[in-house]
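The values are calculated or read from the model by the stated rules, or taken from the named source; none is laboratory data. Not measured: the values here are computed from a predicted model. Glycine also receives a Cβ, built like all others from the backbone with ideal geometry; neighbour counts cover every protein chain displayed.
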Amino acid sequence: MLENLLGTKEQETEEHWVSISDVMAGLMVIFLFISISYMLNVRLKANEIIVYKNEVEELLDAYKNLQAALYKELQSEFEGNITKKTQFRTTWRGYLDMETLSIRFKKPFIQGDATVPNAFKSVLRDFFPRYVAILTKPEYKDGIAEIRIEGHTSGEWNREVTFDEAYFKNMELSQNRARNVLRYVLGIKHPKITWNKEWIKKNLTANGLSSSQLILSSSGQENRAESRRVEFRVVTKSEKLIKEIEELMKRFNKSEVVN
């Protein structure tokens, strides 16, 4: 009887341990499955990150390449040899900025006046058709969002006005200067201007910036003579680039939610 009871108890214990081991084995399989799924998920996500990263880098490279190529063309056209460089920097008092793709003409106007001087008209008649010839090349034309004519002034006016009043008076002056330059270059009689007139009118803008972007000396003081300037600045389609990058990020974030 006792043996029967002990035998039964041993059998139940064995069955109990067998059932626990089965559960543990099942749990191990589940945990293994979860681990494998997680690893696969991480790997897929990592691959997606690489794909999106590559696409973003391609877009940024395209933007940088356009900027670099445009700068090289402008530099070659206006500073490509000693004669060109002397004319551009000395006669025209021009400066080419690589970062902003700006061509700056220093102090082209009489102080306080918005009328385009004859000397600057002569510069514009030579400069603008050559400038347009570069910007309308097929490799650049579709990548340009805007050509800005920017009027800039120094921060001074006369002593009878406040700082704010001087700012607004200079704003009006700089806007009038930029507008007058735009009007003049559109009227230049040259085949490059005539053939591309509609494209120019669509993309060329006049912007008066008053004294908001002063040129400073090495000591941090305003350089009044340098600050009085007109700039032609190319704006590439960086906004489109940013939107495309944002779209890529939305796609990536959506895939994260799904995963």
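Remarks
- For Y95: the one exception among (1) touching a strand residue (DSSP E or B) at 6+ places or on another chain (Cβ under 8 Å); (2) under 15 Å from E231 (Cβ atoms); (3) touching a residue at least 12 places away in the same chain (Cβ under 8 Å): (3)
- Qualifying residues in the range 136-160 (those that are surrounded by 20 or more Cβ atoms within 10 Å (Cβ to Cβ) and out of contact with any strand residue (DSSP E or B) (no Cβ under 6 Å at 6 or more places or on another chain)) - the one modelled with the highest pLDDT: T153
- Among the numbered conditions (1) surrounded by 18 or more Cβ atoms within 10 Å (Cβ to Cβ); (2) within 23 Å of M171 (Cα to Cα), the only one that Q111 does not meet is (1).
- From R104, R130, residue being under 17 Å from V234 (Cβ atoms), touching a residue at least 24 places away in the same chain (Cβ under 8 Å), buried (at least 20 other Cβ atoms within 10 Å of the Cβ) and among the charged types (D, E, K, R): R104
- Against the numbered list (1) surrounded by 12 or more Cβ atoms within 10 Å (Cβ to Cβ); (2) at pLDDT 95 or above, N170 comes up short only at (2).
- Contact map, the range 202-223: residues that are more than 14 Å from R179 (Cα to Cα) and in a loop (DSSP other than H, G, I, E, B) paired with residues that are among the acidic types (D, E) and at pLDDT below 80, Cβ distance under 7 Å, separation 6+ or inter-chain. Pairs shown: L214/E222; I215/E226.
- Flag for S218 being at pLDDT below 95 and either out of contact with any Asp or Glu (no Cβ under 9 Å at 6 or more places or on another chain) or of a type in the set (A, V, I, L, M, F, W, C) (or both): yes
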